[in-house]
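The structure appears below as structure tokens.
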Amino acid sequence: MNVEFWNLLVVYYAVFFITSVYILYKLTPDIATKSERTAFRILVVMFMVYLIVNLACTLQVNGVIFPPRSVCYIIGFFSLLTVLLNGVALYHFIVTRFLMPLPFKRKYYLLFSAIPLAVMVFCMIVSLFNGMVFSLDENNFVIYGSVYPIFPYIIIIYYVGIIAVLIYKFIKSSSYVCRQQVITSLGAVCFLIVSIIVNSLFYAVTTLPPAVFVSILVLYMNMQEATVYTDALTGMNNRRKANEFLSGLINGVSSEKNMYLYMCDVNDFKKINDYYGHDEGDKALIMISNVLKEAIGSCDGFAARFGGDEFILSCIPRDSESDPPTKLIDTINNSLASACKRNKMPYSVTLSIGYTLCEDSSKSLQDYIREADEKLYICKRNYHEQGGAEVSGY
């Protein structure tokens, strides 16, 4: 092959690498939660390492560069390892983004993540002595061993796990935006699987770098789109989503088809920030958001972070007598108490909650928020008058 081809190949890899650096630079705190950003950074960095190793391997296999035999073994070893690690990193990111908190014990997640990786790493290390995965001929060209054909299937294990996570999220989620993100993520993963199969059948065809690159771009755009309607810290709906969604609900309320609107405020939240620090305050907000999302799951409800330590909820009652508005408030505060105990918080977390009945579609969302806020302030005042004792909502 001519020099122009190899120059073009280097430029091709350089574009992927530079774009990856740019994505890392643009991964600001307003995009997704901290844990999601960390998992995504790991994915992008692993891809960048893979690009470097894969380019070196391609140049070495095609006789463009002639490194020492020991370096050739290192390149061959890490060219396979980084492919596997990219699959692990992608699996970790998808789980972090779509499955937290885990619906099963963390040890099962760790076992699923570690066992295929450990098996393949062991085989690759042994291969350095017996060539079962790969070896080098007298010209330092790679020769694939008898165990190599199972390598793509081990990688695909992680992608099967990713597909299972995405299908589970699609079934469980009632959010249109979330389902759209699941579908696009699923498409990117299927594209990667096809690329891995093509690479395993035709060794000379290098389709994986662009496939991984496209997948990273899709996931990055998903996170950017989610910021329009999602609070970056808690992963809840944000104020914009609340205004749009609840305004639509209120347009359809009536005396026969009503709903309750709740405004929530964290009691003594400033003290948590001042005494324990803002990181601990963030942890408290995340815990509260998880409790609120779980609580409204029992009714046809909606939850959003309205700003700071304020949250807004809606709940459509099944029966006003058997399902009074205070039932949700009691559920929330009881769940918060359990969550504090379970997480061994050095403080208690309670909410002051005001609510109003929405049954007149001629009134605006802001009118109902104002009514719920007035009840919230009464609840807040009673909380302070009673010396911080827990009080019921109004």
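The values are calculated or read from the model by the stated rules, or taken from the named source; none is laboratory data. Small disclaimer: the values here were computed from a predicted structure and weren't measured. Because the Cβ atoms are built from the backbone with ideal geometry, glycine has one as well, and the counts that use them run over all protein chains shown.
So for segment 253-269 (the condition being outside any helix (DSSP H, G or I) and among the basic types (Lys, Arg)), does at least one residue qualify?
Yes, there is a match, as at least one residue in segment 253-269 is outside any helix (DSSP H, G or I) and among the basic types (Lys, Arg).
If you go through segment 62-71 and keep only what is part of a helix (DSSP H, G or I) and either touching a Cys at 6+ places or on another chain (Cβ under 9 Å) or without any contact (Cβ under 8 Å) to a residue 40 or more places away in the chain (or both), you end up with 70, 71.
A residue that is without any contact (Cβ under 8 Å) to a residue 40 or more places away in the chain and more than 24 Å from residue 263 (Cα to Cα) can be found somewhere in segment 219-227. Could we say that residue 289 is surrounded by 15 or more Cβ atoms within 10 Å (Cβ to Cβ) and more than 28 Å from residue 253 (Cα to Cα) here? No: the conditions fail for residue 289.
The residues in segment 148-168 that are surrounded by fewer than 18 Cβ atoms within 10 Å (Cβ to Cβ) and more than 28 Å from residue 184 (Cβ to Cβ) can be counted, and the count is 2.
Residue 28 meets all of the listed conditions (1) farther than 27 Å from residue 100 by Cα; (2) not in a helix (DSSP H, G or I) but one, namely (1). Against the list (1) farther than 30 Å from residue 98 by Cβ; (2) touching a residue at least 40 places away in the same chain (Cβ under 8 Å), the condition residue 289 fails is (1). Taken over segment 281-308, the criterion of being of a type in the set (Asp, Glu), over 11 Å from residue 332 (Cβ atoms) and out of contact with any Leu (no Cβ under 7 Å at 6 or more places or on another chain) is satisfied by 300 alone.
Condition first: crowded, with 19+ Cβ neighbours inside 10 Å, of a type in the set (D, E, K, R) and either more than 25 Å from residue 256 (Cβ to Cβ) or modelled with pLDDT under 85 (or both). Can you find one or more residues in segment 320-335 that meet it? So far as segment 320-335 goes, no, none of its residues is crowded, with 19+ Cβ neighbours inside 10 Å, of a type in the set (D, E, K, R) and either more than 25 Å from residue 256 (Cβ to Cβ) or modelled with pLDDT under 85 (or both).
Here residue 247 fits the description: assigned to a helix (DSSP H, G or I) and farther than 27 Å from residue 386 by Cα.
Name the strands (runs of 3 or more DSSP E) wholly within segment 273-364 that hold at least 2 residues that are touching a Pro at 6+ places or on another chain (Cβ under 9 Å)? So that I can check it myself, show each step before the final result.
Details: elements: 302-307, 310-315, 351-358.
Filter on segment 273-364 gives 351-358.
Criterion applied to 9, 51, 80 was being assigned by TED's automatic domain parsing to the domain that holds residue 155, surrounded by 14 or more Cβ atoms within 10 Å (Cβ to Cβ) and touching a Leu at 6+ places or on another chain (Cβ under 8 Å), and the one residue passing it is 9.
Per the conditions (1) modelled with pLDDT of 90 or more; (2) touching a Leu at 6+ places or on another chain (Cβ under 7 Å), the sole criterion not satisfied by residue 258 is (1).
Just to verify a result, which residue in segment 254-281, among those that are among the aromatic types (Phe, Trp, Tyr) and out of contact with any strand residue (DSSP E or B) (no Cβ under 9 Å at 6 or more places or on another chain), is surrounded by the most Cβ atoms within 10 Å (Cβ to Cβ)? Don't jump to the end; show me each part of the working.
Start the filter on segment 254-281 by keeping residues that are among the aromatic types (Phe, Trp, Tyr), which leaves 260, 262, 269, 275-276.
Among the residues that remain, those that are also out of contact with any strand residue (DSSP E or B) (no Cβ under 9 Å at 6 or more places or on another chain) are: 269, 275-276.
Working: 269: 18, 275: 12, 276: 15.
So the residue we want is 269.
So, in segment 33-50, of the ones that are part of a helix (DSSP H, G or I) and polar (S, T, N, Q), which residue ends up modelled with the highest pLDDT? Outline the logic, then answer.
Narrowing segment 33-50 to residues part of a helix (DSSP H, G or I): 34-50.
Subset that is polar (S, T, N, Q): 35, 38.
Working: 35: 84, 38: 91.
Result: 38.
Does residue 90 count as within 20 Å of residue 36 (Cα to Cα), in the same structural domain as residue 195 (by TED's automatic domain parsing) and either without any contact (Cβ under 8 Å) to a residue 40 or more places away in the chain or assigned to a loop (DSSP other than H, G, I, E, B) (or both)? No. Inside segment 107-124, can you point out the residues that are loosely packed, with under 12 Cβ neighbours inside 10 Å and within 25 Å of residue 69 (Cα to Cα)? The one that is loosely packed, with under 12 Cβ neighbours inside 10 Å and within 25 Å of residue 69 (Cα to Cα): 122. When 128, 208, 219, 192 are checked against the criterion of being farther than 25 Å from residue 14 by Cβ, out of contact with any Cys (no Cβ under 9 Å at 6 or more places or on another chain) and of a type in the set (A, V, I, L, M), a single residue qualifies: 128. Evaluation of residue 234 against the conditions (1) within 23 Å of residue 317 (Cα to Cα); (2) in a loop (DSSP other than H, G, I, E, B); (3) of a type in the set (S, T, N, Q) shows that the sole unmet condition is (1).
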